[in-house]
Amino acid sequence: MSYNKRKNFIITNSIIVVFVLLLSLFINFYLTSLIGFTQDTFFIVTFTVLVFGLVLYLLLSKTIFEPLFKSDENLQKTVKETLHELNIPISTIKLNTQMLEKKITDEKAIKRLNRIKLASNELLKLYEDMEYHIKKEIDRVDISAFSLNDIVNHSLEKFDDLKKDTKIEVNIENITLQSDQNGFQKMIDNLISNALKYNLETNGLIKITYKNKNLTIFNKGKEIDTKNLFVIFDKFFQEDSSKSGFGLGLFMVKEFCDKNKIAIKIEPTKEGNSFILSLKNIIKE
């Protein structure tokens, strides 16, 4: 719901509540005066008026707010249908790119094809982000079982063209997790993207390890300033403003962790920084 709609909803709802309350008080006073004030009549009249007020509130709110909720439902339906239609051309581009990769040998053509591949991957990522955020807004996020190994490998495949000379070491168990798979995938994507962005330009290194129910993503690079550990997950915060992005990645990581009972902490050292996720609450036994 947009800010204006939310504001109008609060104002209109407040007016309805005040109107029903005042009307109920007036009716209660009138009936009590008419029948005569005794303890028995007071409770009977008050209870009757309260039921009347509740029914009146439900009728008025349903009549007034139904068009507002219907408008939101129609908007969500349109957006979901549009996203579904977007997925078709994106999948087509990706499939044809993979087919052309097997046939093209010319170096310049391969470079052009790689640029198309990168662009289509970005489009696919945007599509997945939009789809997930819409589902999250309407509380229809699916909880399912999935492999930690598959999630990490899928994420590394996405950044295969961007890692350049950065060495990536993976040492994780193939454990099964029970959580919001799409959200978990995006969280890992953001942490690996962050590890690549703030890595050393030469001899870069990322280590992804799992031990004692903790998943650790380490990257070589400048040690995070201790004073920034309290604000690093804040919206729009960037320790190095020269880097690309809007400072939303770690904010979204923390938001997901808090919602899904995943404790996250950062351990900065002179060699680099470790982001440690406690997965004990989402491990499927």
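Could you tell me whether any residue of segment 181-203 is open to solvent by 30 Å² or more (accessible area, probe 1.4 Å) and in a strand (DSSP E or B)?
No, segment 181-203 contains no residue that is open to solvent by 30 Å² or more (accessible area, probe 1.4 Å) and in a strand (DSSP E or B).
Exactly one of (1) part of a loop (DSSP other than H, G, I, E, B); (2) open to solvent by less than 50 Å² (accessible area, probe 1.4 Å); (3) basic (K, R) is unmet by K164. Its number?
Among (1) part of a loop (DSSP other than H, G, I, E, B); (2) open to solvent by less than 50 Å² (accessible area, probe 1.4 Å); (3) basic (K, R), K164 violates only (2).
Which members of segment 52-103 meet the condition of being of a type in the set (D, E, K, R), assigned to a helix (DSSP H, G or I), open to solvent by 100 Å² or more (accessible area, probe 1.4 Å) and at pLDDT 70 or above?
K62
Which one is farthest from K259 (Cα to Cα) among residues in segment 132-153 that are part of a helix (DSSP H, G or I), at pLDDT below 80 and open to solvent by less than 60 Å² (accessible area, probe 1.4 Å)?
I134
Report whether or not F42 is at pLDDT 75 or above and surrounded by 13 or more Cβ atoms within 10 Å (Cβ to Cβ). Working first, answer last.
Working: at pLDDT 75 or above: no; surrounded by 13 or more Cβ atoms within 10 Å (Cβ to Cβ): yes.
No, not satisfied.
The values are calculated or read from the model by the stated rules, or taken from the named source; none is laboratory data. Nothing here was measured: the structure is a model prediction, and the numbers come from that model. All Cβ positions, even for glycine, are placed from backbone atoms using ideal geometry, and neighbour counts span all protein chains on display. These area figures cover heavy atoms from the full protein model, side chains too; ligands, DNA and RNA do not enter into them. Shrake-Rupley method; radii C 1.70, N 1.55, O 1.52, S 1.80 Å.
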